Amino acid sequence: MTDITLLLVDDHPVVRDGLRGMFASAPGFTVLGEASSGAEAVEMVFRIDPDVVLMDLRMPGGNGVDAIAELTRRGARARVLVLTTYDTDTDTFPAIEAGATGYLLKDAPREELLDAVRAAAEGRTVLSTAVASRLFNAVRAPAPVDKTLSGREREVLTLVARGMSNREIAARLFISEATVKTHLTHIYSNLGVRDRAAAVAAGYDRGILGRP
């Protein structure tokens, strides 16, 4: 099996050193490079083509949200997993809307982070419990259920929010992966989003999904 390749993006060298050491000690991962700013990260992504970018948000010389948005705009293959100490609404929502595949806090246990990187590499949504709860609690008054989603589409979105892959959703609902992809296309269109993480965020925001 080919290793998952990573780019570590953080303005603190000690954090990058710690992450590099952690992934070096875990089988199945290869760190291709490090960046200390969002602008540097964008340049490196297109030069070294990692599978996953671990992205901090607040950095001098170019923040993480702007970098995520630029990578999304330019169609980068890499999945971006935010790893930060900040979980406020002003950090969480812009990062997900910009195109982040997931959002974890730096106090996440080692195994949770490793699992999150594996999930992100497969294109699955990854949200820490604290962030998922914040997405829900950000809605002061529950919005009406979005009637543009069918019952089956809401089922699919619920399973996406649980971090399931298309294959796992297909097996759970006894449908084909092609049908799952069709449902996701409709969900993205109806919610006005472009990817799984943004669909989950919109699902909580509009009251389609229950409490994480």
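Our analysis of the chain gives Rg over Rh at 0.97, with the two radii drawn from alpha carbon positions and Rh computed by the Kirkwood formula. Neighbour counting of Cβ atoms within 10 Å sorts the residues 15, 160, fewest neighbours leading, into 15, 160. Annotation note: trypsin sites (Lys or Arg not before Pro) in the range 38-122 located in DSSP loop regions with a Cβ neighbour count of at most 16 within 10 Å are 58, 74, 77, 106. Taking all Cα pairs closer than 8 Å and separated by 6 or more residues, the relative contact order of the range 1-63 comes to 44 percent. Calculated [222 nm] ellipticity per residue, helices only, for the chain: -15500 deg cm²/dmol; basis is -39500 (n - 2.57) per DSSP H run with n ≥ 4, divided by all residues, nearest 500. GNM remark for the chain: springs join alpha carbons under 10 Å apart, and the peak mean-square fluctuation among 49, 195, 17 falls on 17.
The base-10 log of I(q)/I(0) for the range 29-78, evaluated at q = 0.22, 0.25, 0.30 Å⁻¹, reads -0.71, -0.92, -1.27 [Debye formula, identical scatterers on Cα atoms, solvent excluded]. By the beta-carbon count within 10 Å of each Cβ, the least crowded to most crowded order of 176, 128, fewest first, is 176, 128. Rg and Dmax of the range 142-205, both derived from C-alpha coordinates alone, stand at 10.9, 33 Å. Between helix 151-161 and the chain there is an angle of about 20 degrees, using the helix long axis and the longest principal axis of the Cα atoms.
Read the figures in this text as sums done on the coordinates, not as results from a lab. The structure displayed is predicted, hence computed values, not measured ones. Backbone-built Cβ (ideal geometry, glycine too); neighbour counts: all protein chains shown.
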